[in-house]
Amino acid sequence: MLKKNDIIPLEIVDITGQGSGIGRLNGMAVFVPMTAVGDIINAHILKVKKNYAFGKIENIETPSNMRITPDCDCYTQCGGCVYRHISYDEELKIKQRRVLDALTRIGKLSDFNMHNIIGCDTPNGYRNKTQIPIGKDKNGFVQMGFYGSHSHRITGTGECMLQNKEFNEIVLCVKKIISENNVSIYNEENHKGIMRHLYIRQGSVSREIMVCFVVNSDSLPCSEKFVTALTNLNKNIKSIVLNINKDKTNVILGKQCKTVFGSDFITDELCGLKFNISPLSFYQVNHDQTEKLYAKAREYAELSGDEFLLDLYCGTGTIGLSMSTDAKKIVGIEIIPQAIDNAIENSKINNISNADFYCMDSAEAAKKFVNNGERPDVIIIDPPRKGCDLSVIESICKMSPKRIVYVSCEPETLARDLAVFAEKDYIVKDVAPVDMFPRTASVETVVKLCRKSQ
């Protein structure tokens, strides 16, 4: 009978969608992070459930030939990456298999074109945004890093292999000023203190940087010192902003922002379009992979210039706007008012006159189009991780578009939704995974669906 703290021999035979290795002991699955298929290990059992258990590596007896030496000192403590111990080529294969397995096993789908995953040319340094929690260690010294896996324990130094090196220098500069001036740090247990997070964004093309201080206050302590030090450190810093978050919450950003230095926003270019990026704006984290993903979505939409394109869950409108020259009319739907404001602003900045955006629930919007007898030629859906509501799928099918382009960030919910579409006269033609977040467990997928009767 397996129990906690047992040390057991284990061969890793598979990998979960979240990056943990799977071994089996007498038929029971044992999940062990930071392992690779082919590893033979001794596992220290941490938790035992009825049909499965969790463990950690006690020692590696025989390493897998897929294993490499992690290039990050914080890897074993930080909760960000899960694949730094295996080669990037092997990571891409794992993500490709995850998508294929979800579609065939959960979705019961077959006879579709499964394309090779679109990998990232630069698996390191791709993140144009970082959110660094600020706290104190057990000795009372300022600590700025990342949360450990499944915890609010700050680990590391804020230096991350996935983010721009300029961010690391900014973190160290801010940490130095906080320490030297004894700036008050937020305590989430008693809700006292000021400094909560450091939030940094950069335009991947423009190179403009925004530094945002998230505080439990109406003002920024040592404001002039921060501005002077940061602008002297990096001339690309064009905006320093205060984000006020006084709520007892794990949500990082509050709703109110005050500009301390420079502009209220930074600018960037994506797919040949310009975008203003504020602290509260949604903007894809991996610029180059986003352009590849949007190009694939554009390819699957097969627009000729005469179509009515409906973009559900449109966010700030980036996907639809990237196709504005190929469609006659674009309508974007999003439930978040701030995102719609950004989408309208983005269309104006780029002089796009054939795109309209409305703040509505996607399910209600889809029903409205059906009731009004409006028939989009192509519909793009890019839902949150939970996938589409059944009512959205039903309304989409009632509108009977020629093609549907589904952009997903969760293979399992994608497979579930595609199975529903398959029951309603739509077949999956093409599937293209895209690795938007190298070294993490996440994988995006672009799918083209066509009407069976077409």
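Remarks
- Residue in the range 285-308 that is more than 19 Å from Pro384 (Cα to Cα), in a strand (DSSP E or B), in contact with an Asp or Glu (Cβ under 7 Å, 6 or more places away or on another chain) and not assigned by TED's automatic domain parsing to the domain that holds Ile177 present: yes
- Leading residue by the ranking (surrounded by the fewest Cβ atoms within 10 Å (Cβ to Cβ)) among those in the range 336-355 that are touching a Cys at 6+ places or on another chain (Cβ under 9 Å), modelled with pLDDT of 90 or more and of a type in the set (A, V, I, L, M): Ile340
- Scan of the range 173-183 for residues that are surrounded by 15 or more Cβ atoms within 10 Å (Cβ to Cβ) and out of contact with any Cys (no Cβ under 7 Å at 6 or more places or on another chain), ordered by number: Cys173, Val174, Lys175, Ile178
Residue-by-condition table, conditions (1) modelled with pLDDT of 95 or more; (2) of a type outside the set (S, T, N, Q); (3) within 19 Å of Ser206 (Cα to Cα); (4) not in a strand (DSSP E or B):
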residue	(1), (2), (3), (4)
Glu224	yes, yes, no, yes
Ala229	yes, yes, no, yes
Lys235	yes, yes, yes, yes
Ile240	yes, yes, yes, no
Asn243	yes, no, no, no
Lys248	no, yes, no, yes
Glu269	yes, yes, yes, no
Phe275	no, yes, yes, no
Phe282	no, yes, yes, yes
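- Of residues in the range 315-350 being in a helix (DSSP H, G or I) and polar (S, T, N, Q), the one nearest to Asp361 (Cα to Cα): Gln338
- Qualifying positions in the range 386-442 - among the basic types (Lys, Arg) and not in a loop (DSSP other than H, G, I, E, B): Lys398, Arg403, Arg416, Lys429
- Boolean, Asn128 is surrounded by 16 or more Cβ atoms within 10 Å (Cβ to Cβ) and either in contact with a strand residue (DSSP E or B) (Cβ under 7 Å, 6 or more places away or on another chain) or under 28 Å from Asp430 (Cα atoms) (or both): yes
- Count of the range 250-267 residues which are farther than 19 Å from Arg207 by Cα and not in a strand (DSSP E or B): 6
- The number of residues in the range 173-222 being assigned to a loop (DSSP other than H, G, I, E, B), touching a helix residue (DSSP H, G or I) at 6+ places or on another chain (Cβ under 8 Å) and among the β-branched types (Val, Ile, Thr) comes to 2.
- Of the candidates Glu410, Glu364, Glu423, Glu444, the single residue that is in the same structural domain as Tyr294 (by TED's automatic domain parsing), touching a Ser or Thr at 6+ places or on another chain (Cβ under 8 Å) and acidic (Asp, Glu) is Glu444.
- The strands (runs of 3 or more DSSP E) falling completely within the range 19-59 that include 2 or more residues that are free of Cβ contacts under 8 Å to residues at least 40 places away in the same chain and over 29 Å from the mean Cα position of the chain (by Cα) map to 21-25, 40-48.
- Matching residues in the range 81-125 - criterion: being basic (Lys, Arg), assigned to a loop (DSSP other than H, G, I, E, B) and closer than 19 Å to Val431 by Cβ: Lys108
The values are calculated or read from the model by the stated rules, or taken from the named source; none is laboratory data. In this text, all values refer to a predicted model and were calculated from it rather than measured experimentally. Note that each Cβ is placed from the backbone with ideal geometry, even for glycine, and that neighbours are counted across all protein chains shown.
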